[in-house]
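Accompanying notes for the structure given below.
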Amino acid sequence: QVQVVESGGGLVQPGGSLRLSCAASGIISSLNAMDWYRQAPGEERELVATITSGGSANYADSVKGRFTISRDNAKNTVYLQMNSLKPEDTAVYYCNAKVTIKYTGLSLNYWGQGTQVTVSS
């Protein structure tokens, strides 16, 4: 089995910062691309940032210059540093991990349970 667990959400004032973490564990042969998504109430889930196994990153236009995605391959963990937060960043943030399963070679996607980020004064 594979588990993906996010942490680090919370309440922050506009202009503040938060750092989200997403750790994958289990029968993992390799961790491939990892993504952060978010979903605000009544909205579709949207891709916020993605990072390849080699460390190449891409961002949604709405977060470019404010958010930074990074990863620690030794810890099977991806991070999302969020600076200059705005009320419109309020959402549940989800991690998606593309994992190659040990012993089988299968490549599967796993989602975390989500972590709430609320930006409000």
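May I ask for the longest run of the chain untouched by GluC sites (Glu not before Pro) that are loop-located per DSSP and have at most 10 neighbouring C-beta atoms (other than their own) within 10 Å?
Of all site-free stretches, the longest is 45-121.
Mind checking the log10 I(q)/I(0) for segment 74-121 at q = 0.14, 0.15, 0.28 Å⁻¹? Debye, one equal scatterer per Cα, no solvent, two decimals. Summing over Cα pairs of segment 74-121 leads to -0.51, -0.56, -1.12. Measuring nothing but protein heavy atoms, the accessible surface of the chain at 1.4 Å probe radius is 48 percent carbon and sulfur. Full extension of the chain segment joining N58 with E44 gains 3.1 nm, where the gain is 0.36 nm per residue of separation less the Cα-Cα distance.
Each other residue within a Cβ distance under 15 Å of G10 adds +1 if Lys or Arg and -1 if Asp or Glu, for a net charge of 0. Its relative contact order, with pairs defined as Cα atoms under 8 Å and 6+ residues apart, puts the chain at 37 percent.
The trypsin sites (Lys or Arg not before Pro) of segment 1-73 meeting both criteria, a DSSP state outside H, G, I, E and B (loop) and at most 15 other C-beta atoms within 10 angstrom of the site's C-beta, are R45, K64, R66.
The values are calculated or read from the model by the stated rules, or taken from the named source; none is laboratory data. Computed from a predicted model, the values in this text were never measured in an experiment. Methodologically, a virtual Cβ is constructed for each residue, glycine included, from the backbone with ideal geometry; neighbour enumeration extends over all protein chains shown. Side chains included, ligands, DNA and RNA excluded: accessible areas come from the protein's heavy atoms. Shrake-Rupley method; radii C 1.70, N 1.55, O 1.52, S 1.80 Å.
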